[in-house]
């Protein structure tokens, strides 16, 4: 893991850019932690949505509140073909992403399969960092962050709780990843989502294997998740990750 | 409004039994408020579910947490043909309630129509009480508490926010009450509810006219609402009723 540039420190939060090599691919990431943190604390991995990147507004804001309010660490990496992994990647549109993905569907599929391992190796590397350590770990990702998060969370035993949503599966889908997830999940649905069918979103919630799962539904379009759900995300991680937290 | 017996005082909460005459019917109720409260504060009206009564476990517990955590007042009345309004009314079963209601459907319908006015007059009477006053007011009621709550909240302009749920309407219902409700609503659904069809519950949420509405869905049977949703109810009222609160 290579640290890139100098840490940014402000209002109690230290932000560090890193690059990690995974199978000859450079995975660009950011770690946020409390200023002067040492030892071990809960960590939340943040997966951005389609056309976004590791430091987009809601990722940065969620990372900072997890650090400031809870004393947790948070980390984000750029998704496949997003952010620093492609030219102009911090200024994408959903249309541009789709066009690029369709240009080479095989490479796109390969990159999406690879991200699961990239997240796992990122977690392994972060657990070696003083101030993070191998504490309780959560995953937060909506929309594309759930497309990536479902197989990652399903296959990664170190994840203790997850916030997912803005995604669905057809009611008759096998939903193997969703079915095999048994950790506590907060699942977010936008009732007037123009990208995800209501019945598909409900079917995905229904399929999740977790006994402790809660769905929060709010009116509005795909990207109009209300601020209250970011607060709810924070409270959810506070509840399920705080158990083993060290000050 | 007649106060019945002596107030119960414990752990900062004063509990007072009252009777109120509404159209020659005696409405038995309880008011909970902070010990030695004076002036005005937010008030939450609590409607119990079918076969329950004004002092059943979850009503008492919710009333006490609203008083202790938020400094609010809370009040509950016995529903039609429930609690102190019928012989053996604090020890009913759903079957016994149904049997009794079916014995005289006309009287049952009359009693259910009357409850809206009974709640409104109870609110008017409570607003005269020092320590309650005419502050922001919420309504909380699930299941039968929603059957009664929908027309009451729809017709009572003094209600500022409501928690409803465990109830549904057919997707093709007119849902006039639900449609005309425009205050913030937290709507609770039990995903495996054995009494309410999932599609009917979703249709009722969909029909609510409120812009600020949120649905929380949890796995489990009708009566298995998790403790987290009582905490969520408290936070919901804290958010929407606290604005004009007086210490």
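Observations on the model:
- With respect to the conditions (1) touching a residue at least 60 places away in the same chain (Cβ under 8 Å); (2) crowded, with 18+ Cβ neighbours inside 10 Å, residue A:134 falls short on a single one, namely (2).
- Condition check for residue A:205: within 24 Å of residue A:75 (Cα to Cα) and either at pLDDT 95 or above or surrounded by fewer than 18 Cβ atoms within 10 Å (Cβ to Cβ) (or both): no
Table: residues versus (1) touching a residue at least 60 places away in the same chain (Cβ under 8 Å); (2) surrounded by fewer than 17 Cβ atoms within 10 Å (Cβ to Cβ); (3) more than 15 Å from the chain's Cα centre (by Cα).
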site	(1), (2), (3)
A:89	no, no, yes
A:107	no, yes, yes
A:115	no, no, no
A:125	yes, no, yes
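- Enumeration of residues in the stretch A:211-228 that are touching a strand residue (DSSP E or B) at 6+ places or on another chain (Cβ under 9 Å) and surrounded by fewer than 20 Cβ atoms within 10 Å (Cβ to Cβ): A:212, A:218, A:219, A:220, A:221, A:222, A:223, A:224, A:226, A:228
- Residue check for residue A:123: modelled with pLDDT of 95 or more and closer than 18 Å to residue A:35 by Cα: no
- Scanning the stretch A:66-87 for residues that are assigned to a helix (DSSP H, G or I), surrounded by fewer than 17 Cβ atoms within 10 Å (Cβ to Cβ) and touching a helix residue (DSSP H, G or I) at 6+ places or on another chain (Cβ under 9 Å) turns up just one, A:69.
- Any chance residue B:237 is assigned to a helix (DSSP H, G or I), touching a strand residue (DSSP E or B) at 6+ places or on another chain (Cβ under 8 Å) and modelled with pLDDT of 95 or more: yes
- Among residues of the stretch B:200-232, those that are facing chain A (nearest Cβ under 8 Å), over 19 Å from residue B:139 (Cα atoms) and in a helix (DSSP H, G or I), counted: 2
- Count of the stretch B:182-199 residues, restricted to those that are outside any helix (DSSP H, G or I), within 11 Å of chain A (Cβ to nearest Cβ) and either modelled with pLDDT under 95 or surrounded by fewer than 21 Cβ atoms within 10 Å (Cβ to Cβ) (or both), is 3.
The values are calculated or read from the model by the stated rules, or taken from the named source; none is laboratory data. Quick caveat, the model's predicted, so the values are computed rather than measured. As a convention, Cβ positions derive from the backbone with ideal geometry for all residues, glycine included, and neighbour counts pool all protein chains shown.
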